[in-house]
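J.: Before I ask anything, here is the structure I am working with.
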Amino acid sequence: MEYRLLGKSGLAVSELCLGTMTFAGATSEADSMDMMERFFDRGGNFLDTADVYTGGRSEEIVGKAIRGRRADVVVASKVRMKVTDNINGAGVSRKHIMDGLDASLRRLGTDYIDLYQMHVWDHATPIEETLRTLDDLVSSGKVRYIGCSNYFAWHLMKALACSDANRYVRFVSVQPQYSLVSREMDREMMSLCLEENVGVIPWAPLGGGFLTGRYDRTEPENGRLTAKTGESSWHLRATDKNFAILDTVIQTAKELGKTPAQVSLNWLLQQKGITSPIFGASTLEQFEDNIRAAGWTMPHELWSVLDEASTLPSEYPNRFIEKFRRPI
Ligand SMILES: NC(=O)c1ccc[n+]([C@@H]2O[C@H](COP(=O)([O-])OP(=O)(O)OC[C@H]3O[C@@H](n4cnc5c(N)ncnc54)[C@H](OP(=O)(O)O)[C@@H]3O)[C@@H](O)[C@H]2O)c1
């Protein structure tokens, strides 16, 4: 396992981050604990959770795993989604962030979170209020670094500008959906993150399982993609373009003697600007497959074939701007 610095920070994170959204859900508590032990044994140090995952159980299980090794682990959690019916039980107001952080710290059994992320943009709260609060929390020591998730590029740029203008801490990372079957962030976010040195830690790097090769064109009867709504629902994943990408992944995997999951994650490991994909695994077998995405390098010709198969169509204004790129 290799390590990378998270954005413009001195925080070293493993090149693969373990997602914990299924802990106490599709993954039993015992398997979740086993999975984290295996992850640490392979050199992984980066765990991603959230206050809303499995009603707080995911944070509790992560809390058990980090006991006795707190300094060795980088724990990322999130706030913003609705956790109570109280009108202030959601969002990134000063009130909800402070209440949400205390509740997360209790569940995690720790007195600080390494990376505290705003789960999704909040239209209701001024960004100045959110960042001032986060700056206070970093000063207090309850939070070490801050990040955001599910933002437009302009949201992130506005937040960075607000931090700079007020001398507040900056977001060091963004957590978007990004994979071979979800490259919307290529429009603006990826170039912004390279420009501003913000780390990118993609969620659903396997398209919720679509890219593992387990699905054919028949609608599945079990697994994540049976969902009728959400980003990994069958109708969003099962498009002709995605199946063409999947065919390329399967062909590449055959040529390399790897699995489709390993190829899909390894493609991300070599993508410029990506710090650490956050992969999910519902079972220990899936974990053993996915963790083997690290430790080897895909030949550039094969990486490029996947890149071309999955790239977004040429669009304005990129198409226009690129046409006038100066040769310097
Ligand atoms: N910031 C956000 O808004 C946000 C949103 C979603 C997720 N996340 C984070 O990102 C993490 C990963 O997200 P994700 O679970 O959607 O990512 P993913 O890695 O794309 O999908 C994981 C799912 O794919 C299937 N799978 C994984 N490896 C497999 C393999 N080798 N063979 C067959 N099937 C396999 C399993 O689903 P089955 O149960 O069908 O077997 C597994 O739960 C989460 O745990 C969470 O930490 C963040």
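The values are calculated or read from the model by the stated rules, or taken from the named source; none is laboratory data. Because the structure is predicted, anything quoted here is derived from the model rather than measured. Ideal geometry is used to build each Cβ from the backbone, glycine not excepted, and the neighbour counts take in all protein chains shown. Ligands, DNA and RNA are stripped out before the accessible areas are found, and what is left, the full protein with its side chains, is counted by its heavy atoms. Shrake-Rupley method; radii C 1.70, N 1.55, O 1.52, S 1.80 Å.
J.: Quick check on this structure: which one of S276, S304 is touching a Lys or Arg at 6+ places or on another chain (Cβ under 9 Å) and either within 12 Å of the ligand (Cβ to nearest atom) or part of a helix (DSSP H, G or I) (or both)?
T.: S276
J.: To continue, here is another question. From the residues in region 307-328 that are hydroxyl-bearing (S, T, Y) and in a loop (DSSP other than H, G, I, E, B), which one is nearest to the chain's Cα centre (by Cα)?
T.: T311
J.: So A253 fits all but one of (1) open to solvent by less than 30 Å² (accessible area, probe 1.4 Å); (2) more than 14 Å from L180 (Cβ to Cβ); (3) among the small types (G, A, S); what number is the exception?
T.: (2)
J.: Residue check, L131 against (1) in contact with a helix residue (DSSP H, G or I) (Cβ under 7 Å, 6 or more places away or on another chain); (2) outside any strand (DSSP E or B); (3) within 16 Å of the ligand (Cβ to nearest atom); (4) among the aliphatic types (A, V, I, L, M), all met but one. Which one?
T.: (3)
J.: Additional query: Looking at L246, L306, L268, which is the one that is among the hydrophobic types (A, V, I, L, M, F, W, C), crowded, with 21+ Cβ neighbours inside 10 Å and closer than 22 Å to R4 by Cα?
T.: That would be L268, the only listed residue that is among the hydrophobic types (A, V, I, L, M, F, W, C), crowded, with 21+ Cβ neighbours inside 10 Å and closer than 22 Å to R4 by Cα.
J.: Hey, can you tell me all the residues within region 163-208 that are small (G, A, S), open to solvent by 10 Å² or more (accessible area, probe 1.4 Å), within 14 Å of the ligand (Cβ to nearest atom) and part of a helix (DSSP H, G or I)?
T.: G208
J.: Now for a separate question. Which one of A90, A103, A124, A71 is of a type in the set (G, A, S) and buried (at least 17 other Cβ atoms within 10 Å of the Cβ)?
T.: The unique qualifying residue is A90.
J.: Would you mind telling me which numbered condition in (1) open to solvent by 20 Å² or more (accessible area, probe 1.4 Å); (2) under 30 Å from E196 (Cβ atoms) G44 fails?
T.: The one condition G44 does not meet is (1).
J.: Sticking with this one: Name the pairs: first residue in region 184-212 and among the polar types (S, T, N, Q), second residue near the ligand (Cβ under 6 Å from one of its atoms), Cβ to Cβ under 9 Å, at least 6 apart or on different chains?
T.: T212/L206; T212/A261; T212/Q286; T212/D289; T212/N290
J.: Could you tell me which residue of region 279-301 is surrounded by the most Cβ atoms within 10 Å (Cβ to Cβ), considering only residues that are part of a helix (DSSP H, G or I) and more than 11 Å from the ligand (Cβ to nearest atom)?
T.: In this case the residue turns out to be H300.
J.: Does any residue of region 217-225 turn out to be at pLDDT 95 or above, under 20 Å from the mean Cα position of the chain (by Cα) and within 11 Å of the ligand (Cβ to nearest atom)?
T.: no
J.: Tell me, please, whether a residue that is closer than 21 Å to T311 by Cβ and under 22 Å from the mean Cα position of the chain (by Cα) can be found in region 165-175.
T.: So far as region 165-175 goes, yes, one or more of its residues are closer than 21 Å to T311 by Cβ and under 22 Å from the mean Cα position of the chain (by Cα).
J.: Also, I was wondering about something else. So the check is Cβ under 6 Å with 6+ separation or different chains; which pairs have a first residue in region 301-323 that's touching a residue at least 40 places away in the same chain (Cβ under 8 Å) and a second one that's among the acidic types (D, E)?
T.: These pairs meet every condition: L312/D186.
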